[in-house]
Amino acid sequence: MIRGDSAVVKKSISLSGLVANWADDLAAKKGFGTNYSAYIADLIRRDKEREDALQLAGITGADRVSSPKKNRAADAIVSVVEQAARKKNLSSRKK
């Protein structure tokens, strides 16, 4: 995991018209307005958190791909870890 690197790096992406429309709608619905960079960065951050949670749970990429049942189990584990992280974050803010 890379920590502390606050340098901004410019990336360029290409989206089909349909996907671009979805991105527009979702970014607006999630409070990003037209700040697509922030929206994409948030998606990547969430994906990284999910990967970290799966790694902590010992679920490898091969395990997740091999079975839809295992995928559901992985998603359930990730959900529990995310809920615990949110609770911990909220409780630390109250102090």
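The values are calculated or read from the model by the stated rules, or taken from the named source; none is laboratory data. Only a predicted model underlies this, so the values are computations on that prediction, with no experimental measurement involved. Because the Cβ atoms are built from the backbone with ideal geometry, glycine has one as well, and the counts that use them run over all protein chains shown.
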List every residue pair whose Cβ atoms lie under 8 Å apart, where the two residues are 6 or more positions apart in sequence or sit on different chains, the first residue falls within the range 21-32 and is free of Cβ contacts under 8 Å to residues at least 12 places away in the same chain, and the second residue, located anywhere, is surrounded by 12 or more Cβ atoms within 10 Å (Cβ to Cβ).
-> Phe32/Ala38; Phe32/Tyr39; Phe32/Asp42
Among what's in the range 1-59 and is surrounded by 14 or more Cβ atoms within 10 Å (Cβ to Cβ) and aromatic (Phe, Trp, Tyr), pick the residue that is farthest from Glu82 (Cα to Cα).
-> Tyr36
Run down Ala23, Ala41, Ala28 and say which single residue is part of a helix (DSSP H, G or I), modelled with pLDDT of 85 or more and touching a Ser or Thr at 6+ places or on another chain (Cβ under 9 Å).
-> Ala28
